[in-house]
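Each remark here refers to the structure printed beneath this line.
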Amino acid sequence: GRVQIENGALSIAALNLSDSGMYQCVAENKHGIIYSSAQLMVLASPPSFSKSPLRALLKARSGSAVTLECKPEASPPAISLWKKGNEILQRSERITLLPNGTLKIANVTRRDAAIYTCIAKNQFGTASTSGRLLITEPTRITMRPTNMEIIVGESIVLPCQIACDPALDVSFSWAFNGQLIDFQRDSDHFERVGGTISGDLMVRNIQLNHGGKYVCVIDTDVESLSTSAILVVKGPPGPPDKVSVEEITDSTAQLSWTPGRDNGSPITGYIIQARTPFTVGWQVVDTVPEEVNGNMLTATVSGLNAWVEYEFRVVTRNTVGLGEPSPASAMTRTEDTIPDTAPTDVGGGGGTKSELVITWEPVPEELQNGEGFGYIIAFRPVGTVTWTRAVISTPGVSRYDFRNDTIPAFSPFDVKVGAFNNRGEGPFSSIATVFSAEEGTPRCVPKRVRTRSVSAVQIEVIWEALPAISERVLGYEVMYWEDDTKPDTIGKVRISGNYTLVNITGLKGNTVYYLCVAAFNTGGPGPQSASINTTTKKPPPDRAPLNIQWTMIGSTLTMHWDPVVAFETESKVTGYLVLLKRHRNNDISTISTNKTTVELSLSSYDNYLIQIKTMTEGGEGVGSEPIHIHKLSMGARGSGATRLSPLVLSSVLISALLCSAW
């Protein structure tokens, strides 16, 4: 608006100091271009605040000093004066007017709040600029963070809350060990919580590296405050190092190690663990002293097995908990010694005529105490003095068969088994009584073997007991198989004593099974009866009763459902079984019916769960979806139904079920 260009002439109206500068004219036609430059110096102009006006609103804290600058552009320089409202300001103890036009007010109070105007004047004109001064109350920190000790993994909130003048804009920031916290980058652990006057810091899942100095910085329009706290993070100790075996015997090992970091809590003790090729993972071992305190860096491990390779590691403990284990020591083998463990579970019996069978539980490799391990078997007829000994040099053997034609049938022997290795003989087991083989197996065949198919999965087998015979009969065994051409698919059930009935379960439905019965004793089974066959029942339908509907009137529940129709390959449905479970004592009662309806009288003081199954000669069928009847629904009228999917309850029953969870 002040600048015009006409016929190559540049005109500037209402000239001011800001128009000073270099100007360049550019002339151009098709033959070329030329430039012409000139400098404009404005030697005189009226005052102007266009470049340095007062701020429209200036906030200051009560009690602070305020500086208002008056810097107009003017040539010659303008004379300035200040007004507070309509009143011209004069110098005083608190008010200073500097020669350059700057106004300073010391120790401001609420009474200093006003609109301040700077008026500048020279011989060419007058200009003014105004701004409002707002005096605010000092900001106070009302809740500060305090120095804390915290355990690794916990979460805390460091408070930082203030009381401030409502006219102020407030911002909070936190620094950790001198670095500003980036809440987006470090959101896994740090979060700002609170409102406009609260800058609380939440530190989640604290780790050891979160220990240090936290500073809350509060910035307002007029001041900046800060408060700080030291956070000490304690955690389980770090792992020890350099675990080594200084000395080892057949049962002890002297260990040493270097300590790990205590992580803010003094080390209170150490736990020694060991591992061998025979253990599952690491095991705590006994030490001397029994308790290894935090000042010790050596200990003796006791109770080790001889001639076994061991690795050791050390776990540190403090008041916070157990730390990570140390690296494992080098594998070291204990020294060998004579066996100190006798074979266990010594017994035997059976076998063929004129034979004594002795069995035992082999000594585990980790208890053999050295190389060249084997067994010494000692036996004698009961009542005699002299032992017969036999030596077996195979560590894994668990049976010895002694055969001699002079051994009487089913005669008792004292038996004991010991162990030895290259270092010598170890202890013997306690003496056990073992009978020699019987004269023979039972010679008679069970008679009148009969079967009955009980269900789709069960067959009952009955036979006559054998009469008194010369051979002992310890019981009977029933063998069964599916295909008479494949005798290798045999199942076997043994029953001890003089029982003559057994139930075979876990069978397939609608399947032919072949069976035979034989008597047995320690010599083995006798001759088998002739095989007979029977067919298991057809299986029950694999479908539950559907479309179950009920009506509740008071405490009487009436239910009815659609009948289940069996397929050709399934057993015919003969009735239905209603299972009623009471919640109070978990009692289950059953009600049988050959109809598709039932009426139940329920107690109004208990909750119930009801299920319906089919009954067939092949067994019970699949249960329906459970129906929950809550005691709160007693006394009300309601009905519901269940089809292929979850049951649908009436509004009465739904309301009752929502009141109490099962």
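Reachable aspartates and glutamates from residue 581, Cα under 19 Å, same-chain residues fewer than 8 places away excluded?
Excluding near neighbours in sequence, the set is 599, 606, 620, 625.
Please list the non-local residues whose amide H lies under 5 Å from the amide H of residue 286, H modeled 1.01 Å from N, same-chain partners needing a gap of 5 or more.
For residue 286, whose amide H was placed from the backbone, the distant partners under 5 Å are 302.
Out of the total accessible area of segment 80-205 (probe 1.4 Å, heavy atoms of protein only), what percent is carbon and sulfur?
49 percent
Using a 7 Å offset from the Cα along the Cα-to-Cβ direction at both residue 567 and residue 62, what is the distance between the two label points in nm, to one decimal?
Going by the 7 Å Cα→Cβ label model, 9.1 nm.
Take peptides 493-505, 355-367, 129-141 and line them up by average Cβ neighbours within 10 Å, highest first, as a rough protection proxy.
355-367, 129-141, 493-505
Only bridges with both residues in the chain count here: give the DSSP antiparallel percent, nearest 5.
DSSP beta bridges in the chain are roughly 95 percent antiparallel.
Percent of accessible area on segment 393-512 owned by carbon and sulfur, 1.4 Å probe?
49 percent
Could you give the length gained by full extension between residue 297 and residue 258, i.e. 0.36 nm per residue of separation minus their alpha carbon distance, to one decimal place?
13.4 nm
If one puts a single equal scatterer on every Cα of segment 305-358 and applies the Debye formula without solvent, what log₁₀ I(q)/I(0) results at q = 0.20, 0.21, 0.22 Å⁻¹?
The Cα Debye sum returns log10 ratios of -0.85, -0.87, -0.90.
Be a star and scan segment 201-223 for residues whose amide nitrogen sits under 12 Å from the point 7 Å along the Cα-to-Cβ vector of residue 177.
Only 207-214 fall inside the zone, counting backbone N under 12 Å.
Hey, what do the phi angles of segment 541-548 turn into as Karplus ³J(HN,Hα) couplings, whole Hz, using 6.51/-1.76/1.60 and θ = phi - 60°, x for Gly and Pro?
Result, ordered by residue: x, 8, 10, 7, x, 10, 6, 6 Hz.
Ranked highest first by average number of other Cβ atoms within 10 Å, how do 106-113, 510-517, 45-52 line up?
Peptide ranking by packing, descending: 510-517, 45-52, 106-113.
On the principal axes of its Cα set, how long, how wide and how thick is segment 207-312? Give whole Å, largest value first.
81, 27, 19
How much net charge surrounds residue 424 when only other residues with a Cβ under 12 Å from its Cβ are counted (Lys, Arg +1; Asp, Glu -1)?
-2
Could you tell me the relative contact order of segment 293-364? Use alpha-carbon pairs under 8 Å, at least six residues apart, and round to a whole percent.
RCO, segment 293-364: 24 percent.
Once amide H atoms are placed 1.01 Å from N in the peptide plane, what residues at a sequence separation of 5 or more from residue 619, or on another chain, have their amide H within under 5 Å of its amide H?
Distant-sequence amide H within range of residue 619: 456.
Using the C-alpha gyration tensor of the chain, what are the square roots of 5 times its eigenvalues, in whole angstrom, with the largest one first?
So the equivalent ellipsoid measures 99, 49, 27 Å along its semi-axes.
Roll a 1.4 Å probe over the protein chains and send me the accessible area per residue for the chain in Å².
54 Å²
Work out from phi, with θ = phi - 60° and the Karplus expression 6.51 cos²θ - 1.76 cosθ + 1.60, the ³J(HN,Hα) of each residue of segment 151-158, listed in order in whole Hz, and give x for Gly and Pro.
Karplus-based 3J(HN,Hα) across segment 151-158 equals 9, 3, x, 7, 10, 9, 10, 8 Hz.
Binning at 10 Å from 0, report for segment 94-136 what percent of all alpha-carbon pair distances ends up in each bin.
Spelled out bin by bin, segment 94-136 gives 23, 49, 23, 6 percent.
Looking at segment 324-406, what % of the alpha carbon pairs are farther apart than 16 Å?
In whole percent, the long-distance tail amounts to 64.
Cβ under 9 Å from residue 248's Cβ, residue 248 left aside: what net charge do those residues give with Lys, Arg +1 and Asp, Glu -1?
It works out to a net charge of -3.
How large is the translational diffusion coefficient of segment 151-261 in µm² per second when you combine the Kirkwood radius over alpha carbon pairs with Stokes-Einstein at 10 °C and 1.306 mPa s?
My calculation gives 93 µm²/s for D.
According to the square roots a ≥ b ≥ c of the eigenvalues of the Cα gyration tensor, what is the shape class of segment 25-160, taking rounded for a/c under 1.5, prolate for a/b larger than b/c otherwise, and oblate for the remainder?
oblate
Peptides 7-18, 323-334: what's the order by average Cβ count within 10 Å, highest mean first?
Peptide ranking by packing, descending: 323-334, 7-18.
Quick one: plug the Kirkwood hydrodynamic radius of segment 51-117 (C-alpha pairs) into Stokes-Einstein at 20 °C, 1.002 mPa s, and report D in µm²/s.
It diffuses with D of about 168 µm²/s by this estimate.
Just to confirm a number: summing +1 for Lys and Arg and -1 for Asp and Glu over residues other than residue 587 whose beta-carbon lies under 14 angstrom from that of residue 587, what do you get?
Summing Lys/Arg as +1 and Asp/Glu as -1 gives +2.
Sort largest first and round to whole Å: the equivalent ellipsoid semi-axes of segment 490-537, each the square root of five times a Cα gyration tensor eigenvalue.
In descending order the semi-axes read 23, 12, 9 Å.
What Kirkwood Rh does segment 106-194 have if only Cα atoms enter the pairwise 1/r average? Answer in Å.
When all Cα pairs of segment 106-194 are included, the Kirkwood radius is 18.2 Å.
The values are calculated or read from the model by the stated rules, or taken from the named source; none is laboratory data. A quick note: this is a predicted structure, and the numbers were derived from the prediction, not measured. Ideal geometry is used to build each Cβ from the backbone, glycine not excepted, and the neighbour counts take in all protein chains shown. Side chains are part of the model used for accessible areas, which takes the heavy atoms of the whole protein and leaves out ligands, DNA and RNA. Shrake-Rupley method; radii C 1.70, N 1.55, O 1.52, S 1.80 Å.
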